[in-house]
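Undergrad: Here's a structure for you.
The values are calculated or read from the model by the stated rules, or taken from the named source; none is laboratory data. The shown structure was predicted, so the numbers you read here are calculated from the model rather than taken from an experiment. Because the Cβ atoms are built from the backbone with ideal geometry, glycine has one as well, and the counts that use them run over all protein chains shown. Side chains are part of the model used for accessible areas, which takes the heavy atoms of the whole protein and leaves out ligands, DNA and RNA. Shrake-Rupley method; radii C 1.70, N 1.55, O 1.52, S 1.80 Å.
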Amino acid sequence: MQRKNNYTLFRIGELVPSGTYTKVHSCFERVINFAAEDIVISLCESSICAGPYRLILKGRIPLAKELKVTEKEVVINQEISLPYSQDNIWKIPSIHPHQNAQKTFLLCEKLLNFFIGEEKNNLLSLLFQPPSSQDEFLLQFRNCLINGINNLFQQQYTLFAQQIKRRGLGSTPAGDDFLIGYIICLSWLIANGRKDLIKQREEIYQTALDNDLLVNTFLHQAYYLRPDDDWANFLLALSENDEINLTKYINLIMNSGESSGKDMLSGFVFCLLFNWFWSAEIAKCRSCIFPDVLAALNVLSVNI
């Protein structure tokens, strides 16, 4: 085998399984996804952040039709050999519980204020305010979101997910991205002691799973809190009350994909709003904290 030196393996996720993969699930300008049993492993350009199931190359990726992964090298198309060492293995950061619940709560309040009050082009703005255009597809998608959230208020978690999954535009539909972000938030809240949310997460996760391996991979990562690098750093910034890094990784996530990053953040933020800001444990202070958004959620719950 001739070794090509114009490619370098920069990072390989710690959960990338060894094996030979010949089935391309999907191909994009900067990413090629290979089917690997019940997940996908992704060959990515360096502009894509590292992740547990990702292989990051420096520069542009070749048109790959076969990918072989061993403990010492990655081989593309049986001709491009990319050796790697332990230093190249990307490991999921340990996402520890928040250090100060009240400070984290206030930081989440700023996140909600930004996402609902300032950043208009997202699913939450669509949810709280009808679109100005009469785009029938967009209006129907909004109705699906509202119907799903109506079920959420009734603790009908399966129906909530059924109304939203596979809805909307995108290579991964916007509704799926919303559910992925929602489950990331549930997993983060559970890691912070909210064991009462385990049943909700289980029902939504099992319902959201589908026959799309790419969506299922993201759902799997969300459920087990095995995020890609940008999301891991976003969650760490929340836990460590680091507003500068939080802003940095919000921007990186929002700029990932056509709209997937924003749609996932929309799901994450709505989960915060519904399961933390609206929870009984903070009922005594919610009348004086974050009044605008809480009022909007109250209107939504009454008039949905």
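Undergrad: Condition first: free of Cβ contacts under 8 Å to residues at least 24 places away in the same chain, part of a helix (DSSP H, G or I), within 20 Å of Asn255 (Cβ to Cβ) and open to solvent by 40 Å² or more (accessible area, probe 1.4 Å). Now tell me which residues in region 113-142 satisfy that.
TA: Listed by number, the list holds a single entry, Glu118.
Undergrad: Another one. Restricting to region 72-92, name every residue that is under 28 Å from the mean Cα position of the chain (by Cα) and either surrounded by fewer than 19 Cβ atoms within 10 Å (Cβ to Cβ) or free of Cβ contacts under 8 Å to residues at least 40 places away in the same chain (or both).
TA: If the condition is that a residue be under 28 Å from the mean Cα position of the chain (by Cα) and either surrounded by fewer than 19 Cβ atoms within 10 Å (Cβ to Cβ) or free of Cβ contacts under 8 Å to residues at least 40 places away in the same chain (or both), then Gln86, Asp87, Asn88, Ile89, Lys91 are the ones that fit.
Undergrad: Out of all the residues in region 201-214, is one or more assigned to a loop (DSSP other than H, G, I, E, B), of a type in the set (Gly, Ala, Ser) and open to solvent by less than 50 Å² (accessible area, probe 1.4 Å)? Steps first, answer last, please.
TA: Quick first cut of region 201-214, residues assigned to a loop (DSSP other than H, G, I, E, B) only: 209-212.
Subset that is of a type in the set (Gly, Ala, Ser): none.
For region 201-214, residues assigned to a loop (DSSP other than H, G, I, E, B), of a type in the set (Gly, Ala, Ser) and open to solvent by less than 50 Å² (accessible area, probe 1.4 Å): absent.
Undergrad: Can you pull out the residues in region 263-281 that are at pLDDT 90 or above and over 15 Å from Leu124 (Cα atoms)?
TA: Selection gives Asn275 alone.
Undergrad: Considering only region 51-67, I want to know if a residue exists there that is modelled with pLDDT of 95 or more and open to solvent by 60 Å² or more (accessible area, probe 1.4 Å). Please lay out each step first, then the result.
TA: First, the residues of region 51-67 that are modelled with pLDDT of 95 or more: 51-57, 64-67.
Then drop every residue that is not open to solvent by 60 Å² or more (accessible area, probe 1.4 Å), which leaves 65.
There is at least one residue in region 51-67 that is modelled with pLDDT of 95 or more and open to solvent by 60 Å² or more (accessible area, probe 1.4 Å).
Undergrad: Quick check: is even one residue across region 191-199 assigned to a helix (DSSP H, G or I) and under 16 Å from Ser266 (Cβ atoms)?
TA: The first filter runs over region 191-199 and keeps only residues assigned to a helix (DSSP H, G or I), leaving 191, 195-199.
Of the ones still in play, those that are also under 16 Å from Ser266 (Cβ atoms) are none.
Scanning region 191-199, I find no residue that is assigned to a helix (DSSP H, G or I) and under 16 Å from Ser266 (Cβ atoms), so the answer is no.
Undergrad: Go through region 143-159 and give me each residue that's touching a residue at least 24 places away in the same chain (Cβ under 8 Å) and of a type outside the set (S, T, N, Q).
TA: Selection gives Cys144, Leu145, Ile146, Ile149, Leu152, Phe153, Tyr157.
Undergrad: Need the failing condition index for Ile184 against (1) under 14 Å from the mean Cα position of the chain (by Cα); (2) open to solvent by less than 10 Å² (accessible area, probe 1.4 Å), just the number.
TA: The one condition Ile184 does not meet is (2).
Undergrad: For Leu145, are the conditions met, namely being open to solvent by 50 Å² or more (accessible area, probe 1.4 Å) and assigned to a helix (DSSP H, G or I)? Lay out the reasoning, then the answer.
TA: Numbers: open to solvent by 50 Å² or more (accessible area, probe 1.4 Å): no; assigned to a helix (DSSP H, G or I): yes.
Against the criterion (open to solvent by 50 Å² or more (accessible area, probe 1.4 Å) and assigned to a helix (DSSP H, G or I)), Leu145 does not qualify.
Undergrad: Restricting attention to region 228-257, report how many residues are within 14 Å of the chain's Cα centre (by Cα) and part of a loop (DSSP other than H, G, I, E, B).
TA: 4
Undergrad: May I pose another question? Starting from region 227-243, keep only residues that are at pLDDT 95 or above, then list their pairs with residues that are buried (at least 21 other Cβ atoms within 10 Å of the Cβ) and polar (S, T, N, Q) whose Cβ atoms are within a distance under 7 Å, requiring at least 6 positions of separation or different chains.
TA: Note: pairs meeting the criteria are Pro227/Gln221.
Undergrad: Residues Ser46, Ser18, Ser42: which one is closer than 20 Å to Thr172 by Cβ and of a type in the set (S, T, N, Q)? Please lay out each step first, then the result.
TA: Working: Ser46 fails: closer than 20 Å to Thr172 by Cβ; Ser18 fails: closer than 20 Å to Thr172 by Cβ.
Result of the check over Ser46, Ser18, Ser42: Ser42.
Undergrad: Kindly list the number of the only condition in (1) part of a loop (DSSP other than H, G, I, E, B); (2) surrounded by 17 or more Cβ atoms within 10 Å (Cβ to Cβ) that fails for Ile32.
TA: (1)
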